[in-house]
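Heads up: the structure comes next, in structure tokens.
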Amino acid sequence: MSIISTSDFINSLTIPTPDEVNLQGFIDEYESKGLKEILGYSLNKDFQAGLSESSVPQKWIDLRDGVEFVYNSETKYFAGAKEMILRYVYFFVLRNIQSYVTDSGVKVAQTENSTFGNSANKQAPAWNYMSNENILLNEFITATNTDTADTYENYTFNDMGKINVLGI
């Protein structure tokens with residue numbers, strides 16, 4: 001069950017030339033990978049099962065859509081797995097549409113009246129937003145599990161790291 005759709009890619013996450021990009025194909029390929037990387041295999045499996053229930057438990061809605069929570073006496077807001085996955089997929093769409101594979105090798109498209117731009121200027125902020133939310137995800141789950149130990153019992157934090165446009 002997908003938690004994002006092609007219509008979610010708007011504003012700063014707009015996909016260039018959407019008619020030429022198989023955006024649904026990217027969602028199909030990268031959403032599952034991203035959720036497993038962010039939530040871990042076991043929690044993602046629980047998450048998918050929970051979202052498939054006829055009456056979705058609130059803990060899965062909070063994980064998907066975001067929630068306000070208290071961590072170390074500070075009120076914080078986690079934007080939700082959906083916002084994280086949007087940026088994860090966006091990152092990989094941009095990475096993959098910069099060039100294309102032909103019978104004679106990898107090519108970069110040339111267009112009239114424009115110059116080639118570096119997608120890293122869009123990719124880095126998307127990835128870093130997701131990485132920051134991943135830290136909030138960890139704090140949210142830690143706070144929730146402190147209140148009720150088995151709420152998200154199969155979670156293991158995976159630091160997604162930060163990137164920059166210089167590749168350093």
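Test Gln24 against the stated conditions and say whether it is over 19 Å from Asp150 (Cα atoms) and loosely packed, with under 14 Cβ neighbours inside 10 Å.
So Gln24 fits the description; yes.
Here is a yes/no grid of residues against (1) more than 23 Å from Asn145 (Cα to Cα); (2) at pLDDT below 95:
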{"site": "Ile3", "(1), (2)": "yes, no"}
{"site": "Glu37", "(1), (2)": "no, no"}
{"site": "Ser55", "(1), (2)": "no, no"}
{"site": "Asp62", "(1), (2)": "no, no"}
{"site": "Asp65", "(1), (2)": "no, no"}
{"site": "Phe69", "(1), (2)": "no, no"}
{"site": "Ser73", "(1), (2)": "no, no"}
{"site": "Lys76", "(1), (2)": "no, no"}
{"site": "Leu94", "(1), (2)": "yes, yes"}
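Ile135 - would you say it is modelled with pLDDT of 90 or more and either of a type outside the set (Phe, Trp, Tyr) or within 20 Å of Gly80 (Cβ to Cβ) (or both)?
Yes: the conditions hold for Ile135.
Residues being under 28 Å from Pro125 (Cβ atoms), touching a Gly at 6+ places or on another chain (Cβ under 9 Å) and either surrounded by fewer than 14 Cβ atoms within 10 Å (Cβ to Cβ) or of a type in the set (Asp, Glu) (or both): count how many of those fall in region 49-88.
4
Run Met1 past the list (1) surrounded by 18 or more Cβ atoms within 10 Å (Cβ to Cβ); (2) in a loop (DSSP other than H, G, I, E, B) and report the number of the one that doesn't hold.
Of everything listed in (1) surrounded by 18 or more Cβ atoms within 10 Å (Cβ to Cβ); (2) in a loop (DSSP other than H, G, I, E, B), Met1 misses just condition (1).
Could you run through region 144-153 and say how many residues are part of a helix (DSSP H, G or I) and surrounded by fewer than 17 Cβ atoms within 10 Å (Cβ to Cβ)?
Qualifying residue count, region 144-153: 3.
The values are calculated or read from the model by the stated rules, or taken from the named source; none is laboratory data. It should be emphasised that the depicted structure is a prediction, and the values quoted were computed from it without experimental measurement. In this analysis, Cβ positions are derived from the backbone assuming ideal geometry, glycine residues included, and neighbour counts consider all displayed protein chains.
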